[in-house]
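Here the structure is laid out as structure tokens; the discussion comes afterwards.
The values are calculated or read from the model by the stated rules, or taken from the named source; none is laboratory data. Please read these numbers as outputs of a predicted model, since none were measured by experiment. FYI the Cβ positions are ideal-geometry reconstructions off the backbone, even for glycines, and counts take in every protein chain you see. All accessible areas refer to the heavy atoms of the entire protein, side chains included, with ligands and DNA or RNA removed. Shrake-Rupley method; radii C 1.70, N 1.55, O 1.52, S 1.80 Å.
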Amino acid sequence: MRYYFFLDETGDHGLNYVDKNFPLFLLCGCLIRENYLKDMEGKVNAFKQRYFKTNSVILHSRNIRKCEGAFQVLFDLKLKASFYDDINSIFKEGEYLIIGSSVDKEEHMKRYGKGAKDPYALSLSFILERLIFCH
């Protein structure tokens with residue numbers, strides 16, 4: 001059985017500067033079996049065709065929230081409600097495992113001082129520790 005693991009982050013992992021509005025670094029991964037991935041890809045592509053008439057639109061959360069680019073269609077509130085219902089259904093029905101790690105950079109630096117590890121490396125090590133126990 002083949003699995004795929006997708007990884008993405010949000011926030012800045014550097015410790016030289018902490019944004020007071022978002023002092024967190026988050027790393028999150030999604031583990032999915034190959035056969036479920038193909039099923040989900042089919043559902044996502046059908047979803048994209050329904051709303052954008054193309055599969056090339058990237059479902060980037062910031063653009064969706066701000067209704068930017070292709071997501072300007074979401075200014076239509078009825079369409080937006082349908083969009084969210086449909087995308088939520090895809091994720092609710094999907095079979096996958098989410099593994100995530102977050103670091104409050106201010107607390108991390110207070111606790112470990114100069115010995116504070118890079119939040120990206122630290123989060124990745126936590127995620128990999130948990131990933132090895134999966135199927």
Quiz item: Within segment 53-63, restricting attention to residues that are of a type in the set (A, V, I, L, M, F, W, C) and either at pLDDT below 95 or touching a Phe, Trp or Tyr at 6+ places or on another chain (Cβ under 9 Å) (or both), which residue is least open to solvent (accessible area, probe 1.4 Å)?
Solution: VAL57
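Among the residues of segment 98-119, are any in a loop (DSSP other than H, G, I, E, B) and free of Cβ contacts under 8 Å to residues at least 12 places away in the same chain?
At the first step, the residues of segment 98-119 found to be in a loop (DSSP other than H, G, I, E, B) are 116-118.
Restricting the remaining residues to those that are free of Cβ contacts under 8 Å to residues at least 12 places away in the same chain gives 117.
Checked segment 98-119: at least one residue is in a loop (DSSP other than H, G, I, E, B) and free of Cβ contacts under 8 Å to residues at least 12 places away in the same chain.
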Exercise. Would you tally the residues in segment 64-95 being modelled with pLDDT under 95, in contact with a helix residue (DSSP H, G or I) (Cβ under 7 Å, 6 or more places away or on another chain) and either open to solvent by 50 Å² or more (accessible area, probe 1.4 Å) or part of a helix (DSSP H, G or I) (or both)?
Key: 1
Practice problem: Keeping to segment 1-48, report how many residues are surrounded by 12 or more Cβ atoms within 10 Å (Cβ to Cβ) and assigned to a loop (DSSP other than H, G, I, E, B). | Solution: 8
